[in-house]
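Worksheet: the structure to be examined is printed underneath.
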Amino acid sequence: MSTVAPKIKLYTNHACPWAHRAHIALAELGLPFEEEIIDLSVPRTQEYLQINPRGLVPSLSYDGEIVTESAIVSQFLADAHPSHLLPAAGSKDAALVRARINFFVDTYFSKANSLFFKLQLAKSDAEVGEFAAGYVDVIAKEIEPLLKDAAPFFGGSDKVTLAEVLTGSFTLRLFSFAKYGLVPESILNSLEQKAPNFYKWAHVVNNTPSVNGIYEEETIVERTKNKLASLKAAQA
């Protein structure tokens, strides 16, 4: 088997939580890579559209082969470089772990994350209260039971798994946005009371170097405030 390190180039933007996933995976795998920042505030260049016609980030060049979409990029890296992120395929137990990780990630984004975005765009105090309560209730009902054996990471792992790779950039923003008032700070107290497994797990994830390594909290909070202001103005 070849021991030559792959040539990796990541097209990314540090403010994008989706692109952030690829950074977490690369950091956990210890893979060296070249980075090119894509400015998401302007139309994409023709050069980048040739790499990714959708114009999104991240895009990964791996020995000249292009892989796109954040979950696919992260899964590809985990499969190409067997590690603690995922158990090696080929057994029933491994398949079950992979299925549970996939279900956890799917549940987080299909049930909870959309409510968190609605909360940020709430137009009134009544809407803020409604969406905040709904978000906490969904976390408590759907996510909390899936973290009952976190120790400290998903499924009892003592190291980061693909579950944290795919959700860590979003738990970072949950706590940051509450801290800086983009969502009610009280949401964290509610989560601690109603979803203690989630709250404890998220704290550990947020304090993991691979997760917070590229996260410039104040810059991202300020950019998010400006973006939300523009979106709310457009809806007015």
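The values are calculated or read from the model by the stated rules, or taken from the named source; none is laboratory data. All values derive from a computational prediction rather than experimental measurement. Heads up, the Cβs are rebuilt from the backbone with ideal geometry, glycines too, and the neighbour counts pull from every protein chain shown. Just the protein is used for accessible areas: all its heavy atoms, side chains included, with ligands, DNA and RNA removed. Shrake-Rupley method; radii C 1.70, N 1.55, O 1.52, S 1.80 Å.
Among the residues of the range 77-88, which ones are out of contact with any helix residue (DSSP H, G or I) (no Cβ under 7 Å at 6 or more places or on another chain) and open to solvent by 60 Å² or more (accessible area, probe 1.4 Å)? Write out each step before concluding.
Quick first cut of the range 77-88, residues out of contact with any helix residue (DSSP H, G or I) (no Cβ under 7 Å at 6 or more places or on another chain) only: 79-80, 82, 84.
Once the filter is applied, which keeps residues that are out of contact with any helix residue (DSSP H, G or I) (no Cβ under 7 Å at 6 or more places or on another chain) and open to solvent by 60 Å² or more (accessible area, probe 1.4 Å), the range 77-88 yields Asp79, Pro82, His84.
Residues that are touching a Leu at 6+ places or on another chain (Cβ under 6 Å) and within 19 Å of Ala112 (Cα to Cα): list the helices (runs of 4 or more DSSP H) wholly contained in the range 164-233 that include at least 3 such residues.
Numbers: elements: 186-194, 196-206, 209-212.
The qualifying helices (runs of 4 or more DSSP H) are 196-206.
Cβ-Cβ under 6 Å, sequence separation 6+ or interchain: first residue in the range 45-69 and under 16 Å from Leu26 (Cα atoms), partner among the charged types (D, E, K, R) and in a loop (DSSP other than H, G, I, E, B). Which pairs?
If the second residue must be among the charged types (D, E, K, R) and in a loop (DSSP other than H, G, I, E, B), the pairs left are Asp63/Lys7.
Conditions (1) open to solvent by 30 Å² or more (accessible area, probe 1.4 Å); (2) in contact with a strand residue (DSSP E or B) (Cβ under 9 Å, 6 or more places away or on another chain); (3) assigned to a loop (DSSP other than H, G, I, E, B); (4) among the small types (Gly, Ala, Ser), marked per residue:
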| site | (1), (2), (3), (4) |
| --- | --- |
| Ala5 | yes, no, yes, yes |
| Leu26 | no, yes, no, no |
| Glu36 | yes, yes, no, no |
| Tyr48 | no, yes, no, no |
| Val57 | no, yes, yes, no |
| Leu60 | no, yes, no, no |
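Among the candidates Pro196, Pro209, which residue alone is over 21 Å from Ser70 (Cα atoms) and open to solvent by 20 Å² or more (accessible area, probe 1.4 Å)?
Working: Pro209 fails: over 21 Å from Ser70 (Cα atoms).
On inspection, the qualifying residue turns out to be Pro196.
Please find, within the range 65-76, the residue that is surrounded by the most Cβ atoms within 10 Å (Cβ to Cβ) out of those that are part of a strand (DSSP E or B) and touching a Leu at 6+ places or on another chain (Cβ under 8 Å). Explain how you work it out, then say what you get.
Quick first cut of the range 65-76, residues part of a strand (DSSP E or B) only: 65-68.
Checking the rest, the ones that are also touching a Leu at 6+ places or on another chain (Cβ under 8 Å) come to 66-68.
Details: Ile66: 14, Val67: 18, Thr68: 16.
Per the stated criteria, the residue is Val67.
Scan the range 100-155 for residues that are outside any helix (DSSP H, G or I), open to solvent by less than 30 Å² (accessible area, probe 1.4 Å) and over 27 Å from Ala89 (Cα atoms) and report the count.
Residues flagged as outside any helix (DSSP H, G or I), open to solvent by less than 30 Å² (accessible area, probe 1.4 Å) and over 27 Å from Ala89 (Cα atoms) within the range 100-155 amount to 2.
Of the residues Glu218, Glu192, Glu185, which single one is without any contact (Cβ under 8 Å) to a residue 40 or more places away in the chain, over 18 Å from Val138 (Cα atoms) and among the charged types (D, E, K, R)?
On the way: Glu192 fails: over 18 Å from Val138 (Cα atoms); Glu185 fails: over 18 Å from Val138 (Cα atoms).
Glu218 is the lone residue from the list that is without any contact (Cβ under 8 Å) to a residue 40 or more places away in the chain, over 18 Å from Val138 (Cα atoms) and among the charged types (D, E, K, R).
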